[in-house]
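Working notes, structure below.
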Amino acid sequence: MKSHINVMPKLKNQVYKLILSRRSIRRFKQDGVPLRILKKLVNTARLAPSGANLQPLEFMVINDKKTLKGVFNALAWAGYISPNGTPKEEEQPVAYILVLVNTKISKQNYQWDVGAAMENMILAASEEGMGSCWIGSINRVALGMILNIPKRFIIDSILALGYPAESPKVERLRNDCKYWKDAKGILHVPKRDLVKVVHFNKF
């Protein structure tokens, strides 16, 4: 029987580097994403942790061009830099994965399930060389009509997907958490320092 000792450190380093390099992407190349990859992302979400293992989440993959346009119009983008954060027509996502909550299974405490499922998909997408943006600013009435979503489902959030056409930069957070674009159109995202957010054993 082979030991896992030599395998796990390599995997750990890969995941850690992936997390460090991940940024939200709002400008995409217009190359399509293969359906097998979109299914792979949903599979990572399906296997995410779930409170009491209730598994109330369901997922809708959107990659039809006509439907993509309707979905895009039901979303709001990058409030801090609006309207400059809204992708132009030639930069819009080429796929979405919508996260739905089946209220016949659970109507409460599903938010943690959503967070775990989303992060799994985001990291799996990054591993495939894709960019993504987790969006919660949604016209849910309009989206529900566009996608014919039954009333028993809560529309929680949506993951915009595609191959990145931008490379946002991480900045040290000083006085303001707002992200910004510089004169070259590069997005800068401030993050709190590790020493400001970590506590060991007690305050």
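Does the stretch 83-101 contain at least one residue that is part of a loop (DSSP other than H, G, I, E, B), at pLDDT 95 or above and among the aromatic types (Phe, Trp, Tyr)? Checked against the condition, which is being part of a loop (DSSP other than H, G, I, E, B), at pLDDT 95 or above and among the aromatic types (Phe, Trp, Tyr), the stretch 83-101 yields no hits at all.
Here the strands (runs of 3 or more DSSP E) wholly within the stretch 113-203 that include at least 3 residues being at pLDDT 95 or above and aliphatic (A, V, I, L, M) are 153-162. Residues that are out of contact with any Ser or Thr (no Cβ under 9 Å at 6 or more places or on another chain) and surrounded by 16 or more Cβ atoms within 10 Å (Cβ to Cβ) within the stretch 129-152 comprise Met130, Leu143, Gly144, Ile149, listed in sequence order.
Results for (1) part of a helix (DSSP H, G or I); (2) modelled with pLDDT under 95; (3) closer than 30 Å to Ala183 by Cα, shown as yes or no for each residue.
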site	(1), (2), (3)
Met1	no, yes, no
Pro9	yes, yes, no
Leu18	yes, yes, yes
Val33	no, no, no
Leu38	yes, no, no
Val42	yes, no, no
Met60	no, no, no
Lys107	no, yes, no
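Inside the stretch 19-50, residues that are of a type outside the set (A, V, I, L, M) and over 25 Å from Lys191 (Cβ atoms) make up a count of 11.
Tell me which residues, restricted to the stretch 44-58, are at positive phi and not in a loop (DSSP other than H, G, I, E, B). Hits for the stretch 44-58 are Ala52, Asn53. Can you say whether Trp77 is aromatic (Phe, Trp, Tyr), assigned by TED's automatic domain parsing to the domain that holds Lys29, part of a helix (DSSP H, G or I) and at pLDDT 95 or above, as far as the supplied structure shows? So Trp77 fails the test.
Could you please let me know if Lys69 is part of a loop (DSSP other than H, G, I, E, B), at negative phi and of a type in the set (D, E, K, R)? So Lys69 does not fit the description; no.
The values are calculated or read from the model by the stated rules, or taken from the named source; none is laboratory data. Everything numeric in this text was worked out from a predicted model, so none of it was measured. Positions of Cβ are generated from backbone atoms using ideal geometry, with glycine treated the same way; all protein chains shown enter the neighbour counts.
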